[in-house]
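Asks: If you scroll down you'll find the structure; I have some questions about it.
Read-outs throughout are calculated quantities, based only on the coordinates presented, and are distinct from any laboratory measurement. Just so it is clear, the model here is predicted, and its values are computed rather than measured. Cβ coordinates were reconstructed from backbone atoms using ideal geometry, including for glycine residues, and neighbour counts include every protein chain displayed.
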Amino acid sequence: MNKLLPLLIGAIGVLLLATLMLVILPAWQLRTSQPPAQLQPYTEQQLLGRQQYVANGCIYCHSQQPRSTGQTLFDGARGWGRASTPGDYFYDTPHLLGTMRTGPDLLNVGARLKSRDWHLTHLYQPRVIFDWSIMPSYPYMFEVKDEAARDDVVVRLPAQFQPPDGRVVVARKEALDLVEYLLSLDRTYPASHEELQKRDRGYDHRPETAAADGHSG
């Protein structure tokens, strides 16, 4: 019993410290965060598309958190955008940061790929775009029809992927909502100095450190 008491106290201490460092202090730091002026709230359709993003497991293969050059050189080189800051997620509840990158980071996919037609084709059959893609297709978000109605959005496909007998593939509402959400993902506006001070910059030099390094030479 005498040996268990120090272990119990130590375990509780570690738990309290972790709660303080990982929950309480970050929440206190971000309590005054405001959305950047360029960031707009999601529309109703974009929020529905966000639900499709979650329901279809996009978060399992895609992150929404570009990293800085101090953490990796690859994100910037791939055109994924600047390192994200807390304000970039002001309207995201809950956030969809993700932890896997089987596919590319998507926080700025709306800036990189602006075509609705491209995204619809990619969702229906990714191998149309990239023959090496391992992304699953989502045919249940689309409908094959003998003829498109006036308001239908027809998916553009090369001949080898088109349905037989002259039929067409049209997007269901779920696909249109998801694409609208993807097109809204654009955080390419400049981050403010205040926002940059709030993010974890990993191995980045802070401005005061960089200045000191410059004078030391």
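Asks: If I require 24 Å or longer along the helix axis, counting alpha carbons, and a Kyte-Doolittle average no lower than 0.0, what helices from the chain are left? Use full DSSP H segments.
Replies: For the chain, where a helix must reach 24 Å along its axis and average at least 0.0, there are no hits.
Asks: Listing Glu174, Glu194, Glu44, Glu180 from the residue with the fewest other Cβ atoms within 10 Å to the one with the most, what is the order? Intermediate values should be presented prior to the final figure.
Replies: Values: Glu174 19, Glu194 13, Glu44 9, Glu180 22.
Neighbour counts put them in this order, fewest first: Glu44, Glu194, Glu174, Glu180.
Asks: Something else now. Arranged by the count of other C-beta atoms within 10 angstrom, fewest first, what order do Trp132, Trp80, Trp28 take? Show your work: numbers first, answer last.
Replies: Details: Trp132 6, Trp80 24, Trp28 10.
Lowest count first: Trp132, Trp28, Trp80.
Asks: Find how much the distance from Ala11 to Val23 grows on full extension, using 0.36 nm per residue of separation minus their present alpha carbon separation; answer in nm with one decimal.
Replies: Values: separation 12, 0.36 × 12 = 4.32 nm, distance 1.74 nm.
Net length gain for the segment: 2.6 nm.
Asks: Note the per residue figure in Å³ for the convex hull of the C-alpha positions in segment 81-120. If you can, show how the numbers build up before the last one.
Replies: Numbers: hull volume 4.3 nm³, N = 40.
Considering the Cα atoms of segment 81-120, their hull volume per residue is 107 Å³.
Asks: Okay, moving on. For the chain, what does -39500 (n - 2.57) per DSSP helix run (n ≥ 4), summed and divided by total residues, give at 222 nm, in deg cm²/dmol to the nearest 500?
Replies: -10000 deg cm²/dmol
Asks: Mind putting a number on the dipole of the chain about its Cα centre? Charges go on the C-beta only, +1 for Lys and Arg and -1 for Asp and Glu, and I need it in Debye to the nearest 20. Don't jump to the answer; show the numbers that get you there.
Replies: Numbers: 22 positive and 23 negative charges, 95 e Å.
It comes to approximately 460 debye.
Asks: Stretch Thr102-Lys173 to full length: gain in nm at 0.36 nm per residue minus the Cα-Cα span? Don't jump to the answer; show the numbers that get you there.
Replies: On the way: separation 71, 0.36 × 71 = 25.56 nm, distance 2.64 nm.
Taking Thr102 through Lys173 to full extension adds about 22.9 nm, to one decimal.
Asks: Using square roots of five times the C-alpha gyration tensor eigenvalues, list the equivalent-ellipsoid semi-axes of segment 109-184 in whole Å, biggest first.
Replies: Largest first, segment 109-184 gives 20, 16, 10 Å.
Asks: What residues of segment 173-194 lie in the reach of a label at Gln45, counting those whose backbone N is under 14 Å from a point 7 Å from the Cα along Cα→Cβ?
Replies: Residues 173-185 fall inside that zone.
Asks: A further question follows. Taking the Cβ of each residue in Asp88, Asp152 as the centre, tally the other Cβ atoms inside 10 Å and list the residues starting with the fewest.
Replies: On the way: Asp88 26, Asp152 15.
Starting with the residue having the fewest Cβ neighbours, the order is Asp152, Asp88.
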